[in-house]
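I have placed the structure first, in the form of structure tokens, so that the comments after it can refer back to it.
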Amino acid sequence: MVVQARAEATRRRIIDAAIALFSEEGYGDTGLAAIMDRADVSKGAFYYHFESKEALASAIIDEGVTQLLDTFHELTSAPSPALENTIRATFRIAQMTESDDMVRIANQLRQALSQVSGAGAKTYLPSTAGFLEQVTKAVAEGDVRGDICAEDVAEAICASVLGCHLLSDAIGDDPYARLARAWRVLMPAIASAEGLPYFQDFLARTVARYTYSGAADAPETEIVEPSAPVIA
């Protein structure tokens, strides 16, 4: 038991060191020697846990994506309407991607590694499935139009959310404002005519609860967790 706990602590130090270095130097410019030095582990200890830098990156991706999916499922299991839960979840995920180092680096790594291996690409499928489940519920609840394909709506939402994360990370702009613009375009296309005014208002209230912290050298501002919506 003691040996297992020590091994897990070593693995944690390696992952934490890699996250810090990938954040400071970037994945491509970070060598294994630097990770071992930062984690204060031997080469043997590193290779006991990870066979390569890509394997280490894959572990970070898995951990970060698991946090995102757990949060998504927690928020979308609330008794509120499915479309409402979905909107709320996308902003909470954007907050995590901006403010949580593990999630932010995991997201950057899966974007980069999806171009060269399956380490990043495989993690997108659960996201699409999660959105499809919520869209299907929203159709049944009458909040998403029944005359359009639920799979198409889920793909559009997923692509919009991922695109917003990618662009905001690359450009360094406000991820919440970008996500709000995407939802403002999507909403009239997917929401039922009866529900559209409510969900547009809900979107505006949700956006108002988030504050962008800005670039790393900008004054940090508080990011506020959304509270339960006021049901009209």
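The values are calculated or read from the model by the stated rules, or taken from the named source; none is laboratory data. Here the structure is a predicted model, which means the values were calculated and not measured. Areas reflect the complete protein model, heavy atoms only, side chains present, ligands, DNA and RNA absent. Shrake-Rupley method; radii C 1.70, N 1.55, O 1.52, S 1.80 Å.
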Task: Inter-centroid distance (Cα atoms) of the range 79-110 relative to the range 1-59, Å - done: 26
Task: Surface accessible to a 1.4 Å probe, per residue, for the residues of the range 125-188, Å² - done: 48
Open item on the list: Which residue fluctuates most in the GNM of the chain (Cα springs below 10 Å): Asp40, Asp173, Asp16?
Closed with: Asp40
Open item on the list: So, for the range 15-57, what is the accessible surface per residue at a probe of 1.4 Å, expressed in square angstrom?
Closed with: 52
Open item on the list: Restricting to Cα pairs below 8 Å that are 6+ residues apart, what does the relative contact order work out to for the range 1-69? Please round to a whole percent.
Closed with: 32
Task: Potential lengthening between Ser99 and Ala177 on full extension [0.36 nm per residue; Cα-Cα distance subtracted] - done: 26.5 nm
- [ ] Would you work out what percent of the accessible area of the range 1-117, with all protein chains in place, is carbon or sulfur (probe 1.4 Å)?
- [x] 50
TODO: Indicate the helices, whole DSSP H runs only, in the chain that combine a mean Kyte-Doolittle hydropathy of 0.5 or more with a Cα extent along their long axis of 27 angstrom or more.
DONE: 150-171
